[in-house]
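This report concerns only the one structure given below.
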Amino acid sequence: MAFDIDMIKGVYTKMTEHVDKAREIVGKPLTLSEKILYSHLWNGNPTKAFVRGKDYVDFAPDRIACQDATAQMALLQFMQAGKPKVAVPTTVHCDHLIQAKEGAATDLKHANSVSSEVFNFLESVSNKYGIGFWKPGAGIIHQVVLENYAFPGGMMIGTDSHTVNAGGLGMVAIGVGGADAVDVMAGMAWELKFPKLIGVRLTGKLSGWTAPKDVILKVAEILTVKGGTGAIVEYFGPGATSMSCTGKGTICNMGAEIGATTSTFGYDDSMERYLRATDRADVADAANNVKEYLTADPEVYVNPEQYFDQVIDINLSELGPLLNGPFTPDLSTPVGSAMTEKAKANDWPLKVEWGLIGSCTNSSYEDLSRASSIAQQALDKGLKTKAEFGINPGSEQVRYTADRDGILEVFEKLNAKIFTNACGPCIGQWARYSDPKNAPKNSIVHSFNRNFAKRADGNPNTHAFVASPELTAAIAIAGRLDFNPLKDKLINENGEEVMLDEPTGWELPPKGFDVKDNGYLAPEADGSHVEVTVNDDSERLQLLTPFEPIGGSINGAKLLIKAFGKCTTDHISMAGPWLRFRGHLDNIANNTLIGAVNAFNQKTNFVKNQLTGDYGGVPDVQREYKKAGIKTIVVGDHNYGEGSSREHAAMQPRHLGVAAVIVKSFARIHETNLKKQGMLGLTFANEADYDLIQEDDTFNFLDLNEFAPDKQLTIEVVHANGSKDQIKVNHTYNQPQIDWYNEGSALNLIKKQNAV
């Protein structure tokens with residue numbers, strides 16, 4: 001039986017009324033995305049048609065999911081909200097703080113030792129406030145959510161950018177910062193700009209070496225890392241219904257890599273099969289009763305150009321296996337000779353040192369079974385892996401079932417290392433090197449979602465390429481980046497030429513799923529007696545102090561850094577070894593912007609201190625400004641804050657005294673996070689003004705006292721030689737968001753409202 005089945009049935013009961021009303025108001029057939037959005041309005045039945053990409057709308061999500069790294073800050077904030085219990089079903093999943101090194105048993109034991117303080121904190125807070133808790137080793141948040149909580153037609157938010165994985169079960173599931181989650185936990189509305197809609201029509205059928213992963217790798221090539229910003233991507237067509245539910249999840253998962261608000265598929269037979277296989281027949285039965293409401297109206301998919309803002313066509317029968325990378329998930333290359341040419345032209349190492357299968361993107365039973373069919377062929381044909389091989393199962397249920405069915409044994413016979421059911425190398429939690437910064441240039445291939453520099457192992461010289469699990473297995477065996485399993489032969493131990501056959505696998509385990517201990521701890525019905533303690537001298541956890549409002553006057557602000565090129569949340573607040581400080585704002589602030597490239601010297605973590613004229617690390621210089629009571633400005637390029645949902649990338653600069661971030665364009669989640677923390681997130685009205693900013697600049701905001709929706713702000717930029725430039729900046733703040741700024745943060749406003 002499903003978790004929260006009564007809540008799910010209630011969603012379906014209201015959905016029919018809300019969707020019928022929305023169709024009447026909008027005056028045309030509705031996409032699936034619109035049906036879910038209009039049926040989750042905070043005020044109930046729709047009363048107006050919203051303008052895509054413009055109107056801010058209040059929504060009522062059905063549930064919240066948090067992973068352990070982001071849950072710390074989210075729960076520290078919720079503890080200040082003045083509420084005895086979360087208002088909607090919420091879960092915490094311990095999957096980020098487990099480092100991959102020796103293998104599952106040793107690594108999990110080590111994590112439970114070094115991070116016991118954090119795990120105990122999360123467990124006690126969960127128990128106190130009515131939150132479901134998934135222990136370390138239980139699995140990766142998004143795989144666990146797909147197996148237990150996702151349901152067609154639902155709306156979920158999560159404090160991880162890959163929350164969107166649940167679109168594989170027909171949800172609108174959106175990654176947010178912890179402050180957004182706190183709003184909903186506290187019983188308040190969640191605000192989102194009504195998304196634009198991108199339709200992806202899938203025709204044909206996947207076969208051979210081509211996998212669902214290749215679909216999203218192709219979409220990433222088409223749309224690039226920012227092409228989905230502000231939009232929901234809705235997949236449809238015969239190619240969509242022919243794919244498994246977990247395959248759909250893979251595609252939705254990597255929608256985060258194109259900046260999409262989320263991605264989703266209409267309810268179909270594969271979703272019903274998955275629900276029943278994961279012991280949720282009650283959800284499948286309930287969904288079947290409202291089936292026509294859980295996909296777009298028929299007219300939409302017949303004439304999609306009339307209903308979507310953009311339509312992309314992909315014929316799956318013509319799609320081949322792809323490798324995306326390095327250093328960006330949208331640089332796509334077909335396997336084989338095209339990779340040979342591109343690698344040689346760009347000096348990418350053709351030798352592959354590691355093949356890694358898993359992460360929240362590709363760690364399902366189907367993924368492992370298809371990859372193991374390639375591993376089994378290697379054993380049968382006398383082949384050994386030329387690269388090292390690592391496996392991260394997605395959940396304890398997947399791991400236990402795969403182990404029962406002999407899948408993991410196949411990998412182990414090829415000397416693969418089975419890591420914990422956790423994120424591991426996908427998020428930098430991989431103890432590959434003792435000195436990552438000085439590690440050698442190399443290539444790896446993985447089935448993860450992101451491949452930014454230093455993302456996997458902390459080595460800036462690691463060239464990471466994203467591929468399907470089956471292609472990753474084949475390349476690990478061949479040891480070459482340009483191996484084409486469709487054409488290329490390999491030499492086995494007997495000196496014979498052999499070829500790998502097409503992968504095979506099971507959509508769902510033939511004997512059904514099984515697990516002894518799934519790792520779930522239910523909260524007490526009344527947790528009011530539960531004590532939550534945080535030691536004053538803790539290096540891992542720190543109770544929060546409310547931010548003071550920045551105010552309506554910013555004058556004499558200094559430039560902290562002008563970031564050059566790509567500046568993701570990894571550059572602003574690195575993961576890897578820094579994850580241990582995610583619950584301690586002051587300690588983790590010591591990594592603020594240390595990965596950003598200074599536009600004036602092309603170095604990282606090396607900026608000019610205008611007070612002394614000396615150069616130093618970004619956090620060190622910023623702390624000097626804060627000590628002197630001087631506000632600072634960060635300047636950035638396009639898609640600033642791309643990547644993870646981590647709100648630390650906003651909270652850390654805020655904590656250290658940064659008042660405003662001025663960029664050419666923002667990634668959606670990061671812009672919202674800045675607003676939530678009471679900062680100014682601004683964009684150049686004229687992008688060329690980025691070039692006007694000099695290293696010794698001082699900023700005066702001339703009309704901040706007139707801060708209002710849809711009104712540009714004017715900034716005087718004073719250069720070291722006394723000359724001045726006056727620039728205009730845009731913003732997307734509405735009045736409630738301006739109220740956050742005026743109060744110092746969204747949380748400050750929540751506390752104020754709860755105190756009334």
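The values are calculated or read from the model by the stated rules, or taken from the named source; none is laboratory data. Since the model is a prediction, treat every value here as computed from it, not as a measurement. Cβ coordinates were reconstructed from backbone atoms using ideal geometry, including for glycine residues, and neighbour counts include every protein chain displayed. Ligands, DNA and RNA are stripped out before the accessible areas are found, and what is left, the full protein with its side chains, is counted by its heavy atoms. Shrake-Rupley method; radii C 1.70, N 1.55, O 1.52, S 1.80 Å.
The accessible area of E292, taken with all protein chains in place and a 1.4 Å probe, comes to roughly 110 Å². Here the peptides 418-429, 664-675, 99-110 are ranked by packing, the mean other Cβ count within 10 Å, and the order with the highest first is 418-429, 664-675, 99-110.
Taking packing as the residue-averaged number of other Cβ atoms within 10 angstrom, the listed peptides 132-142, 250-260 run from highest to lowest as 250-260, 132-142.
Cα-based values for the stretch 47-89, radius of gyration first and Dmax second, are 14.8, 39 Å.
Viscosity 0.692 mPa s, temperature 37 °C: Stokes-Einstein D of the stretch 291-362 from its Kirkwood Cα radius, in µm² per second? Could you put the intermediate results ahead of the total?
Values: Rh = 16.3 Å.
Here the translational diffusion coefficient equals 202 µm²/s.
For the stretch 682-756, treating each Cα as an identical point scatterer without solvent, what Debye log10 I(q)/I(0) comes out at q = 0.13, 0.17 1/Å? Per q value, in the given order, log10 I(q)/I(0) is -0.51, -0.73.
Looking at the stretch 603-744, what % of the alpha carbon pairs are farther apart than 18 Å? Present the calculation step by step, with values, prior to reporting the outcome.
Values: 5712 of 10011 pairs.
Percentage above 18 Å: 57.
Rounded if a/c is under 1.5, else prolate if a/b beats b/c, else oblate: with a ≥ b ≥ c from the C-alpha gyration tensor eigenvalues square-rooted, which is the stretch 64-178? Cα axes put the stretch 64-178 in the oblate bin.
In the chain, the DSSP-assigned H stretches of four residues or longer account for a calculated mean residue ellipticity at 222 nm of -9000 deg cm²/dmol, using -39500 (n - 2.57) per stretch and the full residue count as denominator.
Each residue of the stretch 228-296 gets 88 Å³ once the volume of the Cα convex hull is shared out per residue.
On alpha carbon coordinates alone, what is the Rg over Rh value for the stretch 366-456, Rh being the Kirkwood radius? Don't skip to the end; give the middle numbers.
Working: Rg = 14.2 Å, Rh = 14.4 Å.
Ratio of gyration radius to Kirkwood radius: 0.99.
With a 1.4 Å probe and every protein chain kept in, tell me what percent of the accessible surface of the stretch 309-353 is carbon plus sulfur. Of the solvent-accessible surface of the stretch 309-353, carbon and sulfur hold 46 percent. When the solvent-accessible area of the stretch 79-208 is split by element, carbon and sulfur atoms take up 49 percent of it, the probe being 1.4 Å. Over all orientations, the stretch 162-201 has a Cα convex hull whose mean projected area works out to 3.7 square nanometres.
Of all beta bridges DSSP finds with both residues in the chain, what is the antiparallel percent, to the nearest 5?
Values: 34 of 96 bridges.
Bridges in the chain are about 35 percent antiparallel.
So if the hydrodynamic radius of the stretch 511-626 is defined as the Kirkwood radius over C-alpha pairs, what does Stokes-Einstein give as its diffusion coefficient at 20 °C and 1.002 mPa s, in µm² per second? Estimated diffusion coefficient is 119 µm²/s.
Accessible area per residue for the stretch 75-167, computed on protein heavy atoms with a 1.4 Å probe, is 26 Å².
Using the beta-carbon distance between N555 and K54 and R0 = 35 Å, what value does 1/(1 + (r/R0)^6) give for FRET efficiency, to the nearest 0.05? The calculated FRET efficiency here is 0.60. What you get for the chain, charging only the Cβ of Lys and Arg (+1) and of Asp and Glu (-1), is a dipole of about 840 debye around the Cα centre. Once the Cβ-Cβ distance between D614 and N754 is put in as r, and R0 is 41 Å, what FRET efficiency do you end up with, to the nearest 0.05? Here the calculated transfer efficiency is 0.35.
Report, as a whole number in µm² per second, the diffusion coefficient that Stokes-Einstein gives for the stretch 478-526 at 25 °C and 0.890 mPa s using the Kirkwood radius over alpha carbon pairs. Write down the numbers at each step before the final one.
Details: Rh = 16.0 Å.
Rounded, D is 153 µm²/s.
Taking the solvent-accessible surface of protein heavy atoms with a 1.4 Å probe, what is the per residue accessible area of the stretch 632-719 in Å²?
Per-residue value: 25 Å².
Take the alpha carbon gyration tensor of the stretch 115-214, find the square roots of its eigenvalues, order them as a ≥ b ≥ c, and report rounded if a/c is under 1.5; if not, report prolate when a/b exceeds b/c, else oblate. Because a/c hits 1.5 or more and a/b fails to exceed b/c, the stretch 115-214 counts as oblate.
The alpha carbon radius of gyration of the stretch 241-392, expressed as a multiple of 2.2 N^0.38 Å, is 1.31.
Keeping the other protein chains in place, figure out the carbon and sulfur percent of the accessible area of the stretch 585-629, with a 1.4 Å probe.
Carbon-and-sulfur percentage of accessible area, whole number: 45.
Grouping the Cα pair distances of the stretch 257-300 into 5 Å bins from zero gives a pair-distance distribution of 5, 20, 24, 19, 15, 12, 5 percent in increasing distance order. The residue list Y365, F452, T401 was ranked by how far each Cα lies along the charge dipole of the stretch 361-490 toward its positive end, using unit charges on Cβ atoms, and F452 comes out on top.
The phi torsions of the stretch 353-361, fed into the Karplus equation with coefficients 6.51, -1.76 and 1.60 and a -60° offset, translate into couplings of 9, 9, x, 10, 10, x, 6, 5, 7 Hz, rounded to whole numbers, with Gly and Pro shown as x.
State the dimensionless ratio Rg/Rh of the chain (Rg: radius of gyration of Cα atoms; Rh: Kirkwood radius). Using only Cα positions, Rg/Rh for the chain is 0.95. Accessible surface computed residue by residue for the stretch 186-258, with neighbouring protein chains in place and a 1.4 Å probe, gives 23 Å² per residue. Excluding residues fewer than 8 places away in the same chain, name every one of the aspartates and glutamates whose C-alpha is closer than 13 Å to that of K85. Here the aspartates and glutamates satisfying the reach criterion relative to K85 are D183, E524, D526. Its Cα gyration tensor gives the stretch 161-241 an equivalent ellipsoid; the semi-axes, largest first and in whole Å, are 29, 14, 12. Partner lysines whose Cα lies under 18 Å from the Cα of K516, excluding those fewer than 8 positions away in the same chain, are identified as K135.
For L379, put the label point 7 Å out on the Cα→Cβ axis and report which residues of the stretch 97-137 keep their amide N under 19 Å from it. Only 104 pass the distance filter.
Highest mean packing comes first when the peptides 603-609, 271-277 are listed by Cβ atoms within 10 Å, giving 271-277, 603-609.
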